[in-house]
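Q: Have a look at this one before I ask anything.
The values are calculated or read from the model by the stated rules, or taken from the named source; none is laboratory data. These numbers were taken from a predicted model, which means no experiment stands behind them. As a convention, Cβ positions derive from the backbone with ideal geometry for all residues, glycine included, and neighbour counts pool all protein chains shown. The area values use the complete protein model at the heavy-atom level, side chains included, leaving out ligands, DNA and RNA. Shrake-Rupley method; radii C 1.70, N 1.55, O 1.52, S 1.80 Å.
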Amino acid sequence: MLKPLGDRIVIELIEVEEKTSSGIVLPDSAKEKPQEGKVVAAGTGRVLENGQRVDLEVKEGDRIIFSKYAGTEVKYEGNEYLILRETDVLAIIG
Amino acid sequence: MLKPLGDRIVIELIEVEEKTSSGIVLPDSAKEKPQEGKVVAAGTGRVLENGQRVDLEVKEGDRIIFSKYAGTEVKYEGNEYLILRETDVLAIIG
Amino acid sequence: MLKPLGDRIVIELIEVEEKTSSGIVLPDSAKEKPQEGKVVAAGTGRVLENGQRVDLEVKEGDRIIFSKYAGTEVKYEGNEYLILRETDVLAIIG
Amino acid sequence: MLKPLGDRIVIELIEVEEKTSSGIVLPDSAKEKPQEGKVVAAGTGRVLENGQRVDLEVKEGDRIIFSKYAGTEVKYEGNEYLILRETDVLAIIG
Amino acid sequence: MLKPLGDRIVIELIEVEEKTSSGIVLPDSAKEKPQEGKVVAAGTGRVLENGQRVDLEVKEGDRIIFSKYAGTEVKYEGNEYLILRETDVLAIIG
Amino acid sequence: MLKPLGDRIVIELIEVEEKTSSGIVLPDSAKEKPQEGKVVAAGTGRVLENGQRVDLEVKEGDRIIFSKYAGTEVKYEGNEYLILRETDVLAIIG
Amino acid sequence: MLKPLGDRIVIELIEVEEKTSSGIVLPDSAKEKPQEGKVVAAGTGRVLENGQRVDLEVKEGDRIIFSKYAGTEVKYEGNEYLILRETDVLAIIG
């Protein structure tokens, strides 16, 4: 299990099937990097200058949209994950 | 539904019809990027260093003017949105 | 009406007639960008890290001098405005 | 009258007569930019993150030395001024 | 013994055996820099602006994943270590 | 008299006689910039975000070592001074 | 005596004898810059925004490992020292 630190989260990428306007499914190399993910683990939050810890808004299981190119790719037990800071999460899909 | 995080908002672009001074409507590629939008969803606000959360000034339904090139384009359920930070909002059209 | 956010203000430019030392009025393209404006609307002020909101020093109707090239040009209902942060205002003409 | 904002001050430049070591008075274009000024108006001070306003150390009438190239040149009612932040003032000539 | 300061930690690298998809074990020079380590010593934590010291989330003995290229390589008593800031630790392997 | 502002100090340079290893005194242009000075005047200290003013550690008369190239050269009543921030002072020679 | 200011320390370099893997002692110019030092003097600590002074973790006499290329070289009474900020100290050798 991966336990992210502070304001970090671990996500699995969600592959969104992408077609061109003429209906052709694009091969992998022609697609933009995915922007959707599912939260697998969330950190304990960041610590403010007054010592208070702020809970993350994002929770395990949330589907999120995140900034392209954000985060670090990590391979763990054969699976690929992305570790982001919560500030790179744009929105939760609710 | 898209739930933006922190001080972020989700907006729909408002296309402003643009004519040249001689009255000719410009085709899309010749226009500047739009600067007007309608707020579709607003985040819960940013957290200050004393732990207090500051409500956004911008509310769902507001028409806003925002900084050109700010934000991230997001496609969700076939629609296009822009996710901005409130600090990129210049003014509310009231 | 344009309601600027936070520490922003909306101003109208004041054209200052500019002559060369030999008394010739310069055509528009030869002049420097104007540095004077009249405040049309002022934001609610910026929020400090202790949650307190600081009123702007600048008020509606003030004539101001501002940093050249600061701010964002905005066209609204046929008029041109500039939206600045108060920190770009150098002085009030009192 | 020019009322500078926050931690800004308005100064008049003081031309310091500059001679080369051989006693020749330099023409204007060969001199360095002046570094001395007289304070014509001082702002109300900067606001700290606890909401307290800090009075400027510099007062109207003070002669100061300031960082070369700092500030913004402003022409007002035929006179030339420089608007600086107090942090660009190196010392008061007392 | 190495006692790291503040929010720093000392780690030993954990070599992860890396094969290409065709099953060939890569020689050392062809591998990416390792991203896994074991915490050998942890600092006393960083000091907040209110004077409070924040304990590190990472403890001696933890296996961690860290940002590639982060930290400083140090040789001590014949062994090689890496000294990182806790902020370069992405996740604890739990 | 020069009264430096905030965390600034005014120093006089102390010329340190510099010889090469073979005992030759170097002419002025071949020497490094001096790093030693004597404090002629000290500011009132910097203001913290809680409004408290922090006294400088450096006092008038102290001999100091400072960062090469730091500060601003100032000529006043025929003498040359350097105005530094206290943060550019490396150590007091005690 | 050198009294470093704030969060600075004065150290003496400790030359670590360096051999190549084949046992050859490297001449001085082929070695990396030393990373070990002994603390000769420590400052009074940095001042937090609440006015509190934080004691340094490093004390006179400590052997430390520090970031390569950090600090400023200083010659005093014929000896060479390095003046660092405590933040450039990676670990104490305990």
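Q: Could you compute how much accessible area chains D and C hide from each other, both sides summed, with a 1.4 Å probe? Nearest 100 Å² is fine.
A: Accessible area lost upon association: around 1600 Å².
Q: Right, another one. Just checking the output field for A:41-49: average partner chain Cβ neighbours within 10 Å of each residue's Cβ?
A: Partner Cβ neighbours, averaged per residue: 4.
Q: Tell me, what ³J(HN,Hα) does each residue in the range D:41-57 have, in order and in whole Hz, if you take phi through Karplus 6.51 cos²θ - 1.76 cosθ + 1.60 with θ = phi - 60° and put x for Gly and Pro?
A: For the range D:41-57, the Karplus-derived couplings read 7, 10, x, 8, x, 8, 9, 6, 5, 9, x, 6, 9, 9, 4, 5, 7 Hz, x marking Gly and Pro.
Q: State the Kirkwood hydrodynamic radius of the range E:51-94 in Å, one decimal place, computed from all pairs of distinct Cα atoms.
A: In the range E:51-94 this quantity evaluates to 12.0 Å.
Q: What is the residue of chain E with the smallest Cβ distance to the axis taking E onto G, and what is that distance in whole Å?
A: E:Glu49, 5
Q: How many Cβ atoms of partner chains, on average, are near each residue of C:4-11 if near means within 10 Å of its Cβ?
A: 4
Q: Give me, ordered by chain and number, the residues 5 or more places off B:Val40 or on other chains with an amide H under 5 Å from its own placed amide H.
A: B:Val10, B:Ile11, B:Glu12, B:Gly61
Q: May I pose another question? Which ³J(HN,Hα) values, rounded to whole Hz and listed in residue order, are derived for the range G:79-94 from phi using the Karplus coefficients 6.51, -1.76 and 1.60 in 6.51 cos²θ - 1.76 cosθ + 1.60 with θ = phi - 60°, glycine and proline given as x?
A: Along the range G:79-94, the couplings run 9, 9, 10, 10, 10, 10, 8, 4, 5, 8, 7, 7, 7, 9, 8, x Hz.
Q: Scan around B:Gly6 for amide H atoms under 5 Å from its own, H built in the peptide plane at 1.01 Å from N, and keep only partners 5 or more places away or cross-chain.
A: B:Thr44, B:Gly45
Q: Within 10 Å of each Cβ in D:78-86, how many Cβ atoms from other chains are there, averaged over the peptide?
A: Mean inter-chain Cβ contacts per residue within 10 Å come to 1.
Q: Then there is this: Evaluate the distance, in nm, between pseudo-label points positioned 7 Å from the Cα of C:Met1 and of A:Met1 along their respective Cα→Cβ axes.
A: Spacing of the two 7 Å Cα→Cβ label points: 5.5 nm.
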